[in-house]
Amino acid sequence: MTNNSNQSYQYPLDLTWTGEEMAAVISFFNQVEAFYEAKVSKQAFLAAYQAFKVVVPSKMQEKQLDRDFEKSSGYSSYRALQEVKKSERDFIKVKA
């Protein structure tokens, strides 16, 4: 998924990650953006999260990345994940 929004923020990335690892993290943050800006497929969101967790297995690092991402974008990956996990629907968007 490509990011089509006119964002003025940067993704929190670790420069020691490989290109493939960075792509997995960016893909997950793209899903978070889609959750807030449009709607997201539950299956695609959870698959992107699983790939993200391979790169970032530590809860502490995940929380730090979420804080950094929320600070720069206004979007919480943690809250998005909780909403997607508990939803019964195939496509989910943020509740206004």
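Considering amide H positions built from the backbone, and no H for Pro or chain starts, which residues 5 or more places from Val40, or on another chain, come under 5 Å of its amide H?
Long-range HN contacts for Val40: Ile92, Lys93.
For the chain, what is the mean residue ellipticity at 222 nm derived from helices alone (per DSSP H run of n ≥ 4: -39500 (n - 2.57); sum divided by total residues; nearest 500 deg cm²/dmol)?
-19500 deg cm²/dmol
Which of Ser76, Ser58, Ser41 moves the most in a Gaussian network model of the chain with Cα springs under 10 Å?
Most flexible of the set in this elastic network: Ser58.
Taking springs between alpha-carbon atoms closer than 10 angstrom, which of Glu20, Glu62, Glu83 fluctuates most in the Gaussian network model of the chain?
Looking only at Glu20, Glu62, Glu83, the largest GNM fluctuation is found for Glu20.
Given (1) 1.50; (2) 1.09; (3) 1.00, which label gives Cα Rg over 2.2 N^0.38 Å as computed from the coordinates?
(3)
Could you tell me the relative contact order of the chain? Use alpha-carbon pairs under 8 Å, at least six residues apart, and round to a whole percent.
It rounds to 36 percent for the chain.
Coordinate-derived values only; no laboratory data. As the structure is a prediction and not an experimental result, all values here were calculated from the model.
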